[in-house]
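*Asks:* Dropping a structure here in structure tokens format, bear with me for questions.
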Amino acid sequence: MKIDITNQTNGVKAFLGGFSTEELGAKIEACQSGNCDCACDPALMQKIEEIELTCVEGGATITITGDVDAATLAPMMKECLLGEKQ
């Protein structure tokens, strides 16, 4: 499984290799509702306007719109999605 996060205008785009969109959707919902078992920062979640999940070959892409950047989200996504503590 691999996560590749890049900055874009008004947010970030992440490619997540080896994940199913169902699995990711459940994890994203848990983070947004505050019911996740990882370090989802509620203040950071407030800055996110929209999360769009798309199924692609070999995994999924997540487009996150809001006042966020890859440097801030990468460690959180790795811990939440891969279970890796940074």
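The values are calculated or read from the model by the stated rules, or taken from the named source; none is laboratory data. Since the structure is predicted, the reported quantities are computational estimates derived from the model, not experimental observations. All Cβ positions, even for glycine, are placed from backbone atoms using ideal geometry, and neighbour counts span all protein chains on display. For the accessible areas, the whole protein counts, side chains as well, though only heavy atoms, and no ligand, DNA or RNA atoms are used. Shrake-Rupley method; radii C 1.70, N 1.55, O 1.52, S 1.80 Å.
*Asks:* What is the dipole size for the stretch 1-42, taken about its Cα centre, with +1 at each Lys and Arg Cβ and -1 at each Asp and Glu Cβ, in debye to the nearest 20?
*Replies:* Details: 3 positive and 6 negative charges, 37 e Å.
I would put it at about 180 debye.
*Asks:* Also, I was wondering about something else. Quote the charge dipole size of the stretch 12-86 about the Cα centre in Debye, to the nearest 20; the model charges only the Cβ of Lys and Arg (+1) and of Asp and Glu (-1).
*Replies:* Numbers: 5 positive and 13 negative charges, 36 e Å.
With only Lys, Arg, Asp and Glu charged at Cβ, the dipole is about 180 debye.
*Asks:* Express the carbon and sulfur contribution to the solvent-accessible surface of the chain as a percent, rounded to the nearest whole number, probe 1.4 angstrom. Mind dumping the intermediate values first?
*Replies:* Numbers: 2340 of 5050 Å².
Ligands and nucleic acids excluded, carbon and sulfur reach 46 percent.
*Asks:* Okay, moving on. Compute the distribution of all C-alpha to C-alpha distances in the stretch 37-86, in bins of 5 Å from 0, and list the percent of pairs in each, rounded to whole numbers.
*Replies:* 5, 18, 25, 29, 18, 5, 0
*Asks:* Local charge sum around Asn35 (other residues, Cβ-Cβ under 13 Å, Lys/Arg +1, Asp/Glu -1)? Let's see the in-between values first.
*Replies:* On the way: positive: Lys27; negative: Glu29, Asp37.
Local net charge: -1.
*Asks:* To continue, here is another question. How big, on average over all directions, is the shadow cast by the Cα convex hull of the chain, in nm²? Intermediate results must be reported in sequence, preceding the final value.
*Replies:* Numbers: hull surface 19.6 nm².
About 4.9 nm², averaged over all directions.
*Asks:* Within the set of other residues whose C-beta is less than 12 Å from the C-beta of Ile64, count the net charge using Lys and Arg as +1 and Asp and Glu as -1. Walk me through the intermediate numbers first.
*Replies:* Values: positive: Lys13, Lys47; negative: Glu49, Glu50, Glu52, Asp67, Asp69.
Here the charged neighbours net out to -3.
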